[in-house]
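Below: the structure, in structure tokens.
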Amino acid sequence: MEKMTLPERPDLAAKAAEQGFSFASMHGEPYWDETSAYRLTLAQVETDLEDPATELHAMTREAVDRIVRDEALMTRLGIPPAHFDLIADSWSRNEPEIYGRMDLAYDGAGPAKLLEYNADTPTSLYESAAFQWQWLEDQMAAGVLPQGSDQFNGIHEALVERFRGLFPPRTDIHFTAVADNPEDYATVEQLAWAAREADLGAHFSDLSKLGVSREGQFLDAEDRVIGTLFKLYPWEDLLADDYARHIARSGCLFLEPAWKAVVSNKGLLPVLWQMFDGHPNLLPAFFADDVADALVAGGRPVPAVAKAFDRVADGFRRGHVVKPIFSREGASISIVEGGEVTETSPNTEYDRHPRIVQAYHPLPVFDGFRPVMGAWIVGQACVGLGIREDRGRITQDLSRFKPHYIAE
């Protein structure tokens, strides 16, 4: 894997404006940055990223099956007891999943390591599925990239087939997000575009304008009953809302389904490590309360994880990452090395949540930036790649999106 310096398209600003990519630059900094791109080989993509991500997704489904049967685990993952049945029933009915994004640390040599799984409301979908493909075609046409260059990017096509396989033609699907957030709108519009191509009806509704009928059905701004709703709104927030009491009897199919609440949750990471201890694509992880004494006071972990922790204790004491079970864009995350906090996110809005600890695995550095590989899952397979990079060791909200291409 190499980071290659490349000329920016001369009409980049015009193309971004034409495509409605209004957040290509944010706060005076480029968000989409094509002054360089990551070059990968086909073997790196297929062997080190695609196949492991698909396997990791299958492992998460095994973890879900375990979690929903264990109320103690549901509690540790922050699921309100009033909604245990909602989560378990969603899983038992096999309510369909659409997509997710696994964030992986990868340096080109492997194995890739799972940092977290954004399985409920992942953004950067438009950049990954559409705008970087247009970049590839434009750069080949301009002679910047050699003819025959490729990209790991079957995201849009996979979404179309996923919608087509799940819903009969002309099924209406409502898509909702915060209306004045351009990044969120771009994500739901990318999904709606795929739904329309699959011959489905796609309707956008501002999240703030959804309502509930007297009969407990969800309604859009025109008071139409919503039968299927894709919501770019995290389950942990939705389950805390008063509206949550209507979900089970509303007759509405939610996308992503309620069982994704235990997947897009960093509490999944210690469960995965407990189930698949030593897997090459996992980092050791534990619930913070279980190992706090061993890390802070020089004591022992709780008996249930003592053997597993002892196997990795030396590495944890050298370095580990503290993460809330709910967090986005690097918020409330800290890196601890040798018992001292050496880097922490300035955004502390998720500090109130319980924490997990994960072994510290340094990201590779290319020209002063640290990339994170976003492996896109559609259905149950990895179908594409989006790369974000940050100067800091904690990838945060102002990270840059970088295109990639495949060439030997």
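Taking amide hydrogens as placed 1.01 Å from N in the peptide plane, the amide H of Ser36 sits under 5 Å from those of Leu6, each at least 5 positions away in sequence or on another chain. Straight-line reach from Lys402: taking Cα to Cα under 19 Å and skipping same-chain neighbours fewer than 8 places apart, the lysines in range are Lys3, Lys15.
Got a number for carbon plus sulfur as a percent of region 21-127's accessible area, 1.4 Å probe? It is 48 percent, rounded to a whole number.
Within 10 Å of each candidate Cβ there may be at most 13 other Cβ atoms; applying that plus a DSSP loop requirement, which trypsin sites (Lys or Arg not before Pro) in region 70-166 survive?
On the way: sites: Arg76, Arg93, Arg101, Lys113, Arg162, Arg164; in loops: Arg93.
When the trypsin sites (Lys or Arg not before Pro) of region 70-166 are filtered for loop state and at most 13 Cβ neighbours within 10 Å, Arg93 remain.
Of the trypsin sites (Lys or Arg not before Pro) found in region 301-400, those in coil by DSSP whose Cβ has at most 14 other Cβ atoms within 10 Å are Arg352, Arg391.
Given R₀ = 41 Å, what would the calculated FRET efficiency be for Glu137 paired with His361, taking r from the Cβ atoms and rounding to 0.05? After rounding, the FRET efficiency stands at 0.75.
At a 1.4 Å probe radius, carbon and sulfur cover how many percent of the accessible area of region 251-325?
Working: 1530 of 2790 Å².
About 55 percent, which is the carbon plus sulfur part of the accessible surface.
Partners of Lys323 within straight-line reach, counting lysines whose Cα lies under 18 Å from its Cα and excluding those fewer than 8 residues away in the same chain: Lys113, Lys266. Please find, in a Gaussian network model of the chain (springs between Cα atoms separated by less than 10 Å), the residue of Gln132, Gln217, Gln396 whose mean-square fluctuation is greatest. Looking only at Gln132, Gln217, Gln396, the largest GNM fluctuation is found for Gln217. One Cα centroid belongs to region 3-72, the other to region 171-225; the line between them spans 24 Å. With contributions of -39500 (n - 2.57) from each DSSP H run of at least four residues, the per-residue ellipticity at 222 nm computed over the chain stands at -7500 deg cm²/dmol. With 0.36 nm allotted per residue and the present C-alpha distance subtracted, the Asp172-Arg391 stretch has 74.6 nm of extension available.
If R0 is taken as 45 Å, the Cβ-Cβ distance between Gln380 and Ser213 corresponds to a FRET efficiency of 0.85. Taking all protein chains together and a 1.4 Å probe, the residues Asp172, Asp289 rank Asp289, Asp172 from largest to smallest accessible area.
A simple count of charges around Ala17, restricted to other residues whose Cβ falls under 14 Å of its Cβ and scoring Lys, Arg +1 and Asp, Glu -1, yields 0. Whole-Hz Karplus values for region 307-318 come out as 5, 5, 5, 4, 5, 10, 4, 4, x, 5, 6, 5 Hz, taken residue by residue from phi with 6.51 cos²θ - 1.76 cosθ + 1.60 and θ = phi - 60°; glycine and proline positions read x.
To the nearest Å, what is the center-to-center distance of region 381-408 and region 263-284, using C-alpha atoms only? That distance is 22 Å.
Database remark: amide H of Phe204 closer than 5 angstrom to the amide H of Phe175 (H placed geometrically; neighbours at sequence offset of 5 or more, or on other chains; Pro and chain starts carry no H). You can think of it this way: the chain between Ser22 and Glu197 has 60.6 nm of extra reach, that is 0.36 nm per residue less the Cα-Cα gap.
A simple rule links phi to the HN-Hα coupling: the Karplus curve 6.51 cos²θ - 1.76 cosθ + 1.60 with θ = phi - 60°, which for region 282-299 gives 10, 9, x, 8, 8, 5, 4, 4, 6, 10, 4, 4, 5, 8, 9, 9, x, x Hz, with x for Gly and Pro. For region 118-132, backbone phi angles converted through the Karplus equation (6.51, -1.76, 1.60; θ = phi - 60°) give residue-by-residue couplings of 8, 9, 10, 10, x, 9, 6, 5, 4, 4, 6, 7, 10, 5, 6 Hz, Gly and Pro being listed as x.
Considering only Tyr99, Tyr117, Tyr38, the Gaussian network model of the chain with Cα springs below 10 Å gives its largest mean-square fluctuation to Tyr38. Heavy-atom accessible area with a 1.4 Å probe sorts Met1, Met102, largest first, into Met1, Met102.
Enumerate by residue number the trypsin sites (Lys or Arg not before Pro) in region 213-268 meeting two conditions: DSSP loop (anything except H, G, I, E, B), and at most 15 other Cβ atoms within 10 Å of the site's Cβ.
Arg214, Arg224, Arg249
Listed by chain and number, the lysines whose C-alpha is less than 27 Å from the C-alpha of Lys209, apart from same-chain residues fewer than 8 away, are Lys231, Lys260. Pull up all non-local amide H partners of Arg388: gap of 5 or more, or a different chain, and H-to-H distance under 5 Å with H placed in the peptide plane. Placed amide hydrogens put Val372, Gly374, Lys402 under 5 Å from Arg388. Our estimate of slack between Asp351 and Glu329, defined as 0.36 nm per intervening residue step minus the Cα-Cα distance, is 6.6 nm. Using a Gaussian network for the chain with springs between C-alpha atoms less than 10 Å apart, which of these wobbles most: Asn118, Asn347, Asn94? Fluctuation is largest for Asn94.
Accessible area per residue of the chain at 1.4 Å probe, in Å²?
Here the residues of the chain average 42 Å² of exposed surface.
Once the Cβ-Cβ distance between Leu398 and Asp70 is put in as r, and R0 is 25 Å, what FRET efficiency do you end up with, to the nearest 0.05? All intermediate terms of the calculation are to be shown ahead of the outcome.
Values: r = 38 Å, r/R0 = 1.53.
Plugging the Cβ-Cβ distance into 1/(1 + (r/R0)^6) gives 0.05.
The values are calculated or read from the model by the stated rules, or taken from the named source; none is laboratory data. All values derive from a computational prediction rather than experimental measurement. All Cβ positions, glycine included, derive from the backbone under ideal geometry; neighbour counts span all protein chains shown. What goes into the accessible areas is simple: the full protein's heavy atoms, side chains included, and nothing from ligands, DNA or RNA. Shrake-Rupley method; radii C 1.70, N 1.55, O 1.52, S 1.80 Å.
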